[in-house]
1. Would you mind putting B:36-47, C:173-184 in packing order, based on average other-beta-carbon counts within 10 Å, highest first?
2. Where does each of B:104, B:50 land when they are ranked from fewest to most other beta-carbon atoms within 10 angstrom?
3. What residue among C:87, C:144, C:250 has the largest mean-square fluctuation in a Gaussian network model of chain C, using Cα springs under 10 Å?
4. Using only helices, what value at 222 nm comes out for chain A when you add -39,500 (n - 2.57) per DSSP H run of length 4 or more and divide by the total residues, to the nearest 500 deg cm²/dmol?
5. Under 37 °C and 0.692 mPa s, how fast does chain C diffuse according to Stokes-Einstein, given a Kirkwood radius computed over C-alpha pairs? Answer in µm²/s, whole number.
6. Taking the simple approach of a point 7 Å from Cα along Cα-to-Cβ for both residue B:5 and residue C:106, what is their distance in nm?
7. Can you give the calculated 222 nm mean residue ellipticity of chain C, where each DSSP H run of n ≥ 4 adds -39,500 (n - 2.57) and the sum is split over every residue, rounded to the nearest 500 deg cm²/dmol?
8. For a distance above 16 Å, tell me the whole-number percent of Cα pairs in region C:239-295 that qualify.
Amino acid sequence: MLILEADRISKSYGKVAALTDFSLEISAGETVGLTGLSGSGKSTCARILAGLERPNTGIVRYAGKELTGANPAIQMIFQDPAGSFNPVRTIYQSLSAVLHLQGVPKSQRRDLLSEHFQNAGLQTEILSRYPDQISGGQAQRVAIVRGMLVHPKVMILDEPTSALDVSVQAQILHLLKDIQKENGMSYVFISHDPSVVEFMADRVISL
Amino acid sequence: MKFDRRYILPGLLILLFLIVAIFPGMFAPYSISDRTATYQAPGADHLLGTDNMGKDIFSLLIYAARWTLMIGFASGLLAVFVGTAVGLLAGWRRGALDEFLMGTTDIVLILPKIPLVIILAAYLGPSPWVLIFVLGLLSWESIARVVRSKVIQIRSSEYILAARCLGFSDCRIMFKEILPVVFPVIVPKFVLVTAAAMISEASLAFLGLSDPQTVSWGGMISDAFTYSGFLRGMWYWWLPPALCIILGVLAITSLAFIHERGVREVMQL
Amino acid sequence: MKNILEISDLSVSFPGPNGKIPAVRNLSLSLGPGECLAIVGESGCGKSVVAHAVLRLLPPGTEVLGRVSYQGQDLLHLSESEMDQIRGQEIGMVFQSPERALNPVMKIGKQLISPQVMHGLCSEKDAELRAKGVLRSLGLDADRIMSSYPWMCSGGMCQRIVFAAVSLLHPNLVIADEPTKGLDAANVTDLEAMLSTVTAGKSTGLLLITHDMDVASRLSNRIAVMYCGMIVEEGETRSVLSSPKHPYTRGLLGSLPKNGFVPIPGISPALSDLPNGCVFHPRCAFAEETCRTDIPDLKDGVRCRRC
């Protein structure tokens, strides 16, 4: 079943063309790998697929309907793990705000987050820390947990392990595979490293 | 964050001014309506002598703190409110709204402030509320610019993109995610606008454009000048209010500079 | 042959809010002429701290114990002005991001000529000729580069220019601190080729600090693996990489793409909260009772009781 689809999208910034006539079809539950050199438009593509930017021409469809903006069904994980969190808030405050949006009452939030943290191999002490007080690997796990809180159907992973050490990278890749096995969502996995993309993806597209 | 010792001296000074401004009755030996013999020299009864109306200058000095600080802080707050709102909106929305708001900001920026205030004060009457309104509405442009550029820098950062993906509304992102991060750059701006407003108030009062019903430090210097305080060599009439203005403004601006430097060190801007 | 650099029992600790934070503990290493020693490890393991300790570039307030002997001189006890003579001329440095290593407002020619003159190597005229010669040997248009500013050059060009600046001073030791971090694959290959010329003359030593095992395997003769401020394994690069002994080294190699991304369980402990005994025991599948209490010695290049 087709879930997310890019139909001949193009994007340029000023006179610089970042993406030309790019098409992609993502089925439910599959992992599509995107790879390419720096400047090949990988990140632009990620942001357009996540609805954070609109293409100049072409169309992106989610579940058959045109995607006109960000949509909780499509979550994105970024390269800089610490930068994915508001620096003036604790991890608990950041995640609690997401649960608030989901209508989870305050009394249940801490227990729910503790459970998610345990599943992702995180200690619950991390909840009370600020983003700059946790390691890159921990921050990336928390970012994945946060994305999962809204039960997405597609996750766009933009170089999720490129800023991490190799042993942490291996851990995160396995965590992502486990989560996918459990929840069956689709991944768009972007990396400059062909071996990482090959490990994760069912099929690979070079930009 | 470690407490910075450089805050102590200016902080204590501001605190002293604030206490005096809020509870003048506790410090002033006379009320501002009490009158005795005019032009008395300093002595045991009147610490700084009396003025042309026979009022105790020391008591006037204490009561004046209230209006001077009030005008300063109130116009500072007004400027911060307008500037932050304009900056947030322009930086977050961009596009045509941004261009319109920044165009307006540029116009406010090039307005000759003091002459305009003089004209408006003369035209609208010398009420301190008019002064607060005019000074506040003429000093927000630098705040708007700083806030806007900070917002533009933050809005493309990954945690804001993540917040958009998670489904947070624009309004929530602006006030809950961006505003707290922008806040540290607003604080020193607020303080500087406050100091500038205090000086402007003093300048206007000296030019005679203040409400005779309210006592302010600038007004006292103006009175000393008009009613021959200078000719009679009554330095104890005009020098203390002048010193108060200088000390107040110095304390406030140094607080701002220390804070700004601290923020730079912490955020490595 | 005599060693160029000999580090013995080096310990570095930074001041922290709750006492000292040990960044490097009891580290001993030596580097001979013509040799390349790679220090590998993950972020926070203290590998860059070693480089900065050798160059005396650590922030004030850092506690540095032990001995760093460069050709018989103890660098830790030299005065700041004596250190200035050593840095650049005796010990060359290649850091991360070449664009930032060059002064953006000075012409490249001047940046290549003046260090040679300053260190008294040759006259200004000779310096210019030598600079152009080195640039040409690196495949650059020497005349054009000499009169341009760094921002006019691409990342790859800046990288060559930085390397030219280092090699012009004929240092006896080159320290490269994460030189390949953030570079494109093509630039990594380029840089590796340049760095391999350092040791080709058999007189200069190269201390390579990197997180990238592939780069280390291609460039170094010997390799030291660091974990939480300690060397856990050291030896010939080929034998360490082909038959790693320490459980951490094995885990690290297993995490690599070519070995199938097999992760090490657990996470690296914070330096302010290190476990007692062997630093790796909480994550080690073979940990025994004694591993929890005693720090094992480095024996035959491995710091593990079982191995």
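Taken together, the values in this text are just the output of simple stated rules run on the coordinates, not laboratory data. In this text the structure is predicted, and so the values were computed from the model without any measurement. Every residue, glycine among them, receives a Cβ derived from its backbone with ideal geometry; neighbour counts consider all protein chains shown.
1. Numbers: B:36-47: 13.2, C:173-184: 21.0.
Ranking, from highest mean packing down: C:173-184, B:36-47.
2. Values: B:104 14, B:50 27.
Fewest-to-most Cβ neighbours within 10 Å comes out as B:104, B:50.
3. C:144
4. Values: 6 runs with 72 residues, N = 207.
Taking each H run of at least 4 residues, the total per residue is -11000 deg cm²/dmol.
5. Working: Rh = 20.5 Å.
Approximately 160 µm²/s, per Stokes-Einstein.
6. Each label point is offset 7 Å from its Cα along the Cβ direction, giving 3.7 nm.
7. Details: 11 runs with 98 residues, N = 307.
Per the formula, -9000 deg cm²/dmol.
8. 49 percent
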